[in-house]
Amino acid sequence: MVKALLDLSQNNDVFRSLSGYENELCFKYLNQVLENLNQSVIHEIDVCKKLLVSSFFFAKFPGLQKKSIKTLTNKEYSVFSENEFNYLFNELFISYESPIYLIANIDRLDLNEFNAFGNLIVGNKINTKNIIPLPISRKDYNKIYNLNEALLKFESDVFLRGLIYTRMNTALLNESKYTRSFLLSSITFKSNPKKYFDDIQFWIRAAELFLNAIANNIVLIASDCTDYLEYVKYQRNNNFTLRGRTSTSFAREINLWHNRIYENHGVNYDHLKWRGLNKKNLYFNFENNEYFCKQLKSGKALDKEGKALKHCVYTYANRCLDGNLSIWSLRKLSKKNKPKKIITIEVEFDTIVQARGSHNRLPSKNELAIIKDWAERLDFKMDLLKNY
């Protein structure tokens, strides 16, 4: 709890805005919660931060509390996890639909977003208050509030990213699986959502072409689309448009670009090396077969992997160097032959987000089972959002 408090004191706008009286109210709230919880069961710093931020709502929005803290916390918890926090917050402060996305990002809200969330809970007509400097209608606010995406977590710009997601998802006829895949494969969406929002109509059109290609059984990967479009629009020609493209011509254009990268990298990453994740390479057995999964920590290693499996993992070198992701090579062992590379795995932080075989094929059902077994051994989560 102390570490969470120090982190919020340095990085949280809402914490720094608290008055002396509001600090007293926060302390009162936390004291009531912790009196009825065994503090030793709160293991995760993120849960501690969320609990602290919930006290800010208690302090800044008097009368928001719906139920007694004691009745909600006076029970045995083996672990007070994020699920338990979500239940507590909903029961204490929420009267109707649970704002799942905003609760998942509650400790990442800036002061304007925090005030907007509080006003939404209270039921104020928020679009008349100009709390957030964005062109958000009341309908947009309601969509963000009701966004049912607990896995969408961001370090900043929570409302802006939520706005982008809801508009994109509406354009894609609520195909949320593909909306998530398309957005989270974009470096621009992750690093510069303001630029992404400025070009939202361009990206909506791109996502529509992507979805149409899939509907027409054209093999197309979200990350291939965004890699190509970010290169051509933001590095080559800011005026680039998708006017006149069909799903077929769009897919052909992207695949030709990726094939050129595979045949001629254009840039040389062979000299790059990085530390990678602090996770060990692992030999393991699965259904009487031996496997080895190795982390790739250099441009040369990515080049060999890409050439062996005929895909463009080489282009991920800079993102590996930045520490945004790690790349792993799953290999099947044989007594007679050399280890055979079968699947390349992309991990963002502690989550597997993509797995691809030769020529970018998807893993088989058995290969997915092997990856899952390996992931559990290294405490990785699985959310193959980029496989769509």
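Springs between Cα atoms under 10 Å define the GNM used for the chain, and in it the highest mean-square fluctuation of F286, F80, F15 occurs at F286. Between N259 and K336, the distance separating the two model label sites (each 7 Å from Cα on the Cα→Cβ line) works out to 3.5 nm. Using the Karplus relation 6.51 cos²θ - 1.76 cosθ + 1.60 with θ = phi - 60°, the per-residue 3J(HN,Hα) values for region 316-324 come to 8, 4, 5, 5, 5, 4, 6, x, 6 Hz, with x marking Gly and Pro. Relative to the Cα centre, the charge distribution of region 172-263, modelled as +1 at Lys and Arg Cβ and -1 at Asp and Glu Cβ, gives a dipole magnitude of about 160 debye. Comparing E113, E22, E346 in a Gaussian network model of the chain, where Cα atoms under 10 Å apart are tied by springs, the biggest mean-square fluctuation is seen for E22. Within the same chain, lysines fewer than 8 places from K336 are excluded, and of the rest, those with a Cα less than 25 Å from its Cα are K294, K304, K307, K310. Mean-square fluctuations from a GNM of the chain, with a 10 angstrom spring cutoff on Cα atoms, peak among E367, E208, E35 at E35.
If R0 is taken as 35 Å, the Cβ-Cβ distance between S191 and Y21 corresponds to a FRET efficiency of 0.35. Applied to region 142-151, the Karplus parametrisation 6.51 cos²θ - 1.76 cosθ + 1.60 on θ = phi - 60° returns per-residue 3J(HN,Hα) values of 5, 5, 5, 4, 8, 5, 9, 9, 5, 8 Hz, with x for Gly and Pro. Cβ crowding within 10 Å, taken as a proxy for footprinting-reagent exposure, orders T248, T71, T179 from fewest neighbours to most as T71, T248, T179. Computing Rg and Dmax of the Cα atoms in Å for the structure here picks out one of [x] 20.3, 59; [y] 23.5, 74; [z] 20.8, 65, namely [y]. The ranking of Y228, Y314 from fewest to most other beta carbons within 10 Å of each one's beta carbon is Y228, Y314.
In nm, give the distance between the simple-model label positions of N238 and K280, each being 7 Å from the Cα along the Cα-to-Cβ direction. In this crude label model, N238 to K280 measures out at 5.1 nm. This ranking places H311, H271, H258 by how few other beta-carbon atoms lie within 10 Å of each, fewest first, which gives H271, H258, H311.
Pairs exceeding a 26 Å alpha-carbon distance, out of K3/K125; K297/K338; K279/K332; K233/K300: K3/K125; K233/K300. Across region 200-217, computed HN-Hα scalar couplings (Karplus, 6.51 cos²θ - 1.76 cosθ + 1.60, θ = phi - 60°) run 4, 5, 4, 6, 5, 4, 4, 5, 5, 5, 4, 5, 5, 4, 5, 4, 9, 6 Hz from first to last residue, x flagging Gly and Pro.
Bear in mind these aren't lab numbers, they're just calculated from the coordinates by the rules spelled out. The structure displayed is predicted, hence computed values, not measured ones. Quick reminder, even Gly has a Cβ in these numbers, built from the backbone with ideal geometry, and neighbours come from all protein chains shown.
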